[in-house]
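Visitor: Sharing a structure here in structure tokens format.
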Amino acid sequence: MTAAAPLAPHSVIGILGGGQLAKMLVQAAAELGFRSAVYSDDWGPALDIAASHLIGPYDNLARLDEFARAVDVVTYEFENVPVIAAEHLARRVPVRPGPQALRVAQDRSTEKAFISDLGIPVAPFAAIRDAGDLAAASKTMADWKVPGILKTSRLGYDGKGQAGVAGPDDLAAAFASLGSVPAVLERRIDFAFEISVLAVRALDGSLACYDAPRNTHEGGILRRSLVPSGVPAVIEAQACNVAGHIATALDYVGVLGVEMFYLGEQSATPLLVNEIAPRVHNSGHWTMDACAVSQFENHIRAITGWPLGSTARHSDAEMRNLIGHDADDWPALAADRDLCLHLYGKREARPGRKMGHVTRLAPRSA
């Protein structure tokens, strides 16, 4: 079999990470006749249903070699997989998307510079590697004449690793509050709302996008995704083109989430890219119920060299995350005939932890 030949059913999909995204990838792979093996540094819900699993550190190269011998292709469910692990595996088995996507997405400074260098608009920003960069960043912020937000360059998610900055005089204290680690200062943008593009790129370079959902966050955590988003069709097409440009530049294979700020139809620059996620994305969970082919199935199709499935939706949808003890209300949620309920099987509910999601469908309106 050549490297570009599609994998046959019964092949083994290797997944790095054992959380809910991995679990939904395992489910999608099984529906196409694949088996899945999960590698994780800790227990997660995907390990309950995968055909096999290994638990070990991501820097245990011998353990990774054992994993590589058991699988036919490797993908990952989270963007903080150590690049060294992906590179090590890529010398033994196809890794899709490739390590380059991790290198770019794991560091916000690198990510913003990469996207900006493609000619794609992002919010104005200044990289802060250490305290020596604070003076220059403060001057940049003074030129903006608006507040900013400081984000750690690495490991921030769901609102973690962020601090608001009212003005240049507050920057040093904000930097210290984040541990004085490398960070990115971004100009705060007055946007209408956030959308995300769920683009899927195949092994042959073909690309498709799902309809972009409109996202609402609470406490930095995604609460709701709604389709249709209300963005004009011509701008949504532009958003898909932007995501495709990024995916092509990364030689990406699989589903790529691209979060964007929508500034309004009358804005000279209606879309600004916020960040990318080199994986299936929380804002795309509605595709499990409102599309014939979900983001998870299309990711599996892409990484195995299969033709992409349709990204068309047959229904309008509202996806709502069940966070913390929201999932304790499962009897009422299960009794609601208009809801599609998905519980992840996590053993303990904690504040801010995603325990499941529900999707409410309606006849397609647009």
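Every number in this text was worked out from the coordinates using simple rules, so none of it is lab data. These figures come from a predicted structure and were not determined experimentally. Neighbour counts are summed over all protein chains in view; Cβ atoms, including those assigned to glycine, are modelled from backbone coordinates with ideal geometry.
Visitor: Quick one: if the Förster radius is 25 Å, what FRET efficiency do E87 and K160 give, using the C-beta to C-beta distance and rounding to 0.05?
Guide: Rounded to the nearest 0.05, the efficiency is 0.40.
Visitor: If Lys and Arg each add +1 and Asp and Glu each add -1, what is the summed charge of the other residues whose beta carbon sits under 11 Å from the beta carbon of L171? Display every interim value, and only then the final one.
Guide: Working: positive: K139; negative: D133, D169, D170.
After counting each charged neighbour, the total is -2.
Visitor: Also, quick follow-up: Using a cut-off of 15 Å between beta-carbons, work out the net charge of the residues near R63 (Lys and Arg +1, Asp and Glu -1, R63 not included).
Guide: Local net charge: -3.
Visitor: Between K139 and A173, how high is the FRET efficiency from 1/(1 + (r/R0)^6) when r is the Cβ-Cβ distance and R₀ = 22 Å? Nearest 0.05.
Guide: Step by step, r from the Cβ atoms, then E = 0.80.
Visitor: Could you tell me how many degrees, from 0 to 90 and to the nearest 10, lie between the Cα long axis of helix 108-117 and the main elongation axis, the longest principal axis, of the Cα atoms of the chain?
Guide: For 108-117 against the chain, the angle is about 90 degrees.
Visitor: Considering only lysines 8 or more places apart in sequence, or on different chains, count the pairs in the chain whose C-alpha atoms sit under 16 Å apart.
Guide: Lysine pairs meeting both conditions in the chain amount to 6.
Visitor: Separate question: Report the full-extension gain for the segment D59 to F78: residue separation times 0.36 nm, less the Cα-Cα distance, to one decimal in nm.
Guide: Gain on extension, D59 to F78, equals 5.3 nm.
Visitor: Work out how much length N241 to V146 would gain on full extension: take 0.36 nm times their residue separation and subtract the Cα-Cα distance, in nm to one decimal.
Guide: Roughly 31.2 nm would be gained on extension.
Visitor: Moving on to the next point. Could you please rank E297, E66, E186, E318, placing first whichever residue has the fewest other Cβ atoms within 10 Å of its Cβ?
Guide: The most exposed by this proxy come first: E66, E318, E186, E297.
Visitor: Whole Å is fine, so just give me how far the alpha carbon centre of the range 142-189 lies from that of the range 8-26.
Guide: So the two Cα centres are separated by 36 Å.
Visitor: Counting alpha carbon pairs within less than 8 Å and at least 6 residues apart, what relative contact order, in whole percent, applies to the range 228-366?
Guide: Values: 197 pairs, mean separation 26.8, N = 139.
It rounds to 19 percent for the range 228-366.
Visitor: Continuing with the same structure: Based on DSSP, what percent of beta bridges with both residues in the chain are antiparallel, to the nearest 5?
Guide: Working: 57 of 72 bridges.
Restricted to the chain, the bridges split so that about 80 percent are antiparallel.
Visitor: In the chain, if every C-alpha pair distance is counted and binned at 10 Å from zero, what percent goes to each bin?
Guide: Per 10 Å bin, starting at zero, the Cα-Cα P(r) for the chain comes out as 5, 23, 33, 26, 11, 1, 0 percent.
Visitor: How would H10, H245, H281 line up from fewest to most surrounding beta-carbon atoms within 10 angstrom? All intermediate terms of the calculation are to be shown ahead of the outcome.
Guide: On the way: H10 9, H245 17, H281 26.
Least crowded to most crowded, the residues run H10, H245, H281.
Visitor: Continuing with this model, one more query. In deg cm²/dmol, rounded to 500, what helix-only [θ] at 222 nm does the chain give when every DSSP H run of at least 4 residues adds -39500 (n - 2.57) and the total is split over its residues?
Guide: -7500 deg cm²/dmol, from helical runs alone.
Visitor: Ok, one more. Pairs of Cα atoms under 8 Å, at least six residues apart: use those to get the relative contact order of the chain, whole percent. Let's see the in-between values first.
Guide: Working: 794 pairs, mean separation 52.0, N = 366.
About 14 percent, as a whole number.
Visitor: Normalised by the number of residues in the range 247-319, what is the relative contact order in percent for Cα pairs under 8 Å and 6+ residues apart?
Guide: Values: 99 pairs, mean separation 20.0, N = 73.
RCO, the range 247-319: 27 percent.
Visitor: At 0.36 nm per residue, minus the direct Cα-Cα distance, what do A131 and R350 gain on full extension? Give it in nm, one decimal, please.
Guide: Result for the pair: 75.4 nm of gain on full extension.
Visitor: Positive end of the dipole of the chain, charges at C-beta (+1 Lys, Arg; -1 Asp, Glu), about the Cα centre: which of A163, G19, A317 has its Cα farthest in that direction?
Guide: Of the options given, the answer is G19.
Visitor: Quote the FRET efficiency, to the nearest 0.05, computed for S116 versus F193 with a Förster distance R0 of 30 Å and r equal to the Cβ-Cβ distance.
Guide: The value I calculate is 0.85.
Visitor: Considering the chain as a Gaussian network with a 10 Å cut-off on Cα pairs, which listed residue, P351, P82, P57, attains the greatest mean-square fluctuation?
Guide: In this elastic network of the chain, the residue with the biggest mean-square fluctuation among P351, P82, P57 is P351.
Visitor: A follow-up question, please. Compute the signed sum of charges (Lys and Arg +1, Asp and Glu -1) over the other residues within less than 10 Å, Cβ to Cβ, of G309.
Guide: Numbers: positive: R301; negative: E297.
Residues near G309 contribute 0 overall.
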